[in-house]
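Worksheet: one structure, shown below.
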Amino acid sequence: MTAKTPAKKVRYAVVGAGNIAQVAVLPAFAHADENSELVALVSSDLAKRMALPERYASIEALGTYGEFEDVLQRARVDAVFIATPNTHHREFTERAARAGVHVLCEKPMAPTVADCEAMIAVCREHRVKLMIAYRLHFEAANLQAIEALKAGKIGDPRVFSSLFTQQVRPGDIRTRPELAGGALLDLGVYPINAARYLFREEPIEVLAAVSSSGDARFDGVDETTTAVLRFASGRVAQLTVSLGGSAVGYYRVVGTEGDLHAEPIYDYEQGLKFVLTTESERREHKFPARDQFAPELVEFSRCVLEDREPEPSGEEGLADLRVVEAILQSARSGRAVQLPPWSRAQRPDADQELRKPPVDAPEPIRAPSPTIR
């Protein structure tokens with residue numbers, strides 16, 4: 001740590017000042033101040049660079065993407081939170097690692113498996129931590145759903161089904177192929193990741209299809225993608241994601257003795273819940289809205305300060321991109337795609353839960369919501 005942080009706070013630069021950064025990441029530092037401090041902001045937008053320091057007085061250095069390394073040096077940055085479009089994740093991870101700065105990167109980790117592997121390699125080479133911002137790995141509803149399944153509350157979980165949809169704003173980055181937009185990369189990692197952490201195993205086969213309504217918003221990107229994942233245990237996961245549907249986000253896990261239905265379950269603005277049903281009981285579990293981004297900062301800072309491997313790590317991000325690439329390959333070919341064997345030693349569990357009060361999201365500057373409300 002730098003000489004200026006004897007209280008053992010990790011000094012962060014946030015890279016990118018789009019909607020998610022402004023309404024969730026930047027405000028989260030107020031709830032993560034036990035070990036995390038916002039000291040720098042990197043953005044390509046001059047208006048944002050001028051206005052945001054008025055809201056966040058702790059910012060000491062500002063710069064464009066081209067001035068990234070200079071900003072890190074001037075603000076004596078220990079870690080970055082990368083909240084850029086997907087196509088820039090690898091670039092800024094590599095630049096940060098070469099500067100000796102730890103990396104907390106938004107999901108999806110990157111557009112391709114090759115990008116993910118390169119990010120992991122450069123962080124290992126330069127001995128910096130790499131964590132992927134899977135906020136639900138610290139969120140109570142999802143973690144308690146995991147524990148309910150582990151405890152056998154619905155018997156042996158056999159079938160997972162999920163729908164995650166939204167109406168995306170025309171022109172949003174999610175509609176732009178040059179920025180790796182599309183429903184699968186934007187939304188698909190949520191149900192893919194959920195199926196993996198609920199089943200506690202990795203898929204071995206994928207069958208998928210991409211469909212389009214012909215809406216001009218989605219030229220060059222997938223509007224709707226559906227996939228079926230098969231696991232070695234015989235379990236099956238089915239998911240559909242779309243940028244052209246009304247806002248819905250749920251998963252349902254059916255076991256041999258009951259089922260667990262969670263909705264809304266991927267959201268970060270409202271309270272979450274799940275219903276656990278068996279032959280003898282139906283019980284609803286509610287969880288109030290909380291800040292889901294501050295726990296990521298707190299845990300990553302702990303990993304930096306205590307020199308331990310984060311969960312979710314770069315390997316967790318790579319595990320999802322393996323499935324994403326297989327889904328795209330299957331959709332193109334019209335055939336099932338086999339996945340090479342893969343194992344994960346780390347899985348999210350109840351010990352990772354961190355509770356922080358909800359955020360009163362500020363009005364974003366030149367960063368409208370991605371959805372049509």
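The values are calculated or read from the model by the stated rules, or taken from the named source; none is laboratory data. Please read all numbers here as calculations on a predicted model, not as lab measurements. When we count neighbours, we look across all protein chains shown, and the Cβ atoms used for this are built from the backbone with ideal geometry, even at glycine.
Computed values, structure above
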| read-out | value |
| --- | --- |
| Test: residue in the stretch 341-354 that is of a type in the set (A, V, I, L, M, F, W, C), closer than 14 Å to Glu202 by Cβ, in contact (Cβ under 8 Å) with a residue 24 or more places away in the chain and crowded, with 17+ Cβ neighbours inside 10 Å | no |
| Hits in the stretch 297-346 - residues which are of a type in the set (Ser, Thr, Tyr) and either under 18 Å from Ile120 (Cβ atoms) or modelled with pLDDT under 95 (or both) | Ser313, Ser343 |
| Some residue of the stretch 220-229 being surrounded by 16 or more Cβ atoms within 10 Å (Cβ to Cβ), among the hydrophobic types (A, V, I, L, M, F, W, C), in a loop (DSSP other than H, G, I, E, B) and touching a residue at least 24 places away in the same chain (Cβ under 8 Å) | yes |
| Of all residues making up the stretch 150-182, the number that are buried (at least 21 other Cβ atoms within 10 Å of the Cβ) and not small (Gly, Ala, Ser) | 7 |
| Verdict on Ala51 being in a loop (DSSP other than H, G, I, E, B), assigned by TED's automatic domain parsing to the domain that holds Val304, surrounded by fewer than 16 Cβ atoms within 10 Å (Cβ to Cβ) and not polar (S, T, N, Q) | no |
| Which listed residue, of Arg332, Arg373, is outside the structural domain of Leu185 (by TED's automatic domain parsing), closer than 22 Å to Val210 by Cα and surrounded by fewer than 14 Cβ atoms within 10 Å (Cβ to Cβ) | Arg332 |
| Residues that are under 9 Å from Val206 (Cα atoms) and either charged (D, E, K, R) or in contact with a Ser or Thr (Cβ under 7 Å, 6 or more places away or on another chain) (or both), drawn from the stretch 218-232 | Arg230 |
| Test: residue in the stretch 275-286 that is in contact with a strand residue (DSSP E or B) (Cβ under 8 Å, 6 or more places away or on another chain), touching a residue at least 12 places away in the same chain (Cβ under 8 Å) and within 18 Å of Phe81 (Cα to Cα) | no |
| Tabulated pairs, the stretch 196-212, first free of Cβ contacts under 8 Å to residues at least 24 places away in the same chain and not assigned by TED's automatic domain parsing to the domain that holds Gly152, second surrounded by 16 or more Cβ atoms within 10 Å (Cβ to Cβ) and not in a helix (DSSP H, G or I), C-beta under 9 angstrom, 6+ apart or interchain | none |
| Residue check, Glu269 closer than 27 Å to Thr165 by Cβ, of a type in the set (D, E, K, R) and outside any helix (DSSP H, G or I) | yes |
| Test set (1) modelled with pLDDT under 95; (2) crowded, with 24+ Cβ neighbours inside 10 Å - Ala17 fails condition number | (1) |
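Residues are listed down the side, and each one gets a yes or a no for (1) part of a helix (DSSP H, G or I); (2) free of Cβ contacts under 8 Å to residues at least 12 places away in the same chain; (3) in contact with a Leu (Cβ under 7 Å, 6 or more places away or on another chain):
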site: Asp115; (1), (2), (3): yes, no, no
site: Ala118; (1), (2), (3): yes, no, no
site: Cys123; (1), (2), (3): yes, no, yes
site: Ala145; (1), (2), (3): yes, no, yes
site: Phe160; (1), (2), (3): no, no, yes
site: Pro170; (1), (2), (3): no, no, no
site: Arg174; (1), (2), (3): yes, no, yes
site: Gly181; (1), (2), (3): no, no, no
site: Val189; (1), (2), (3): yes, no, no
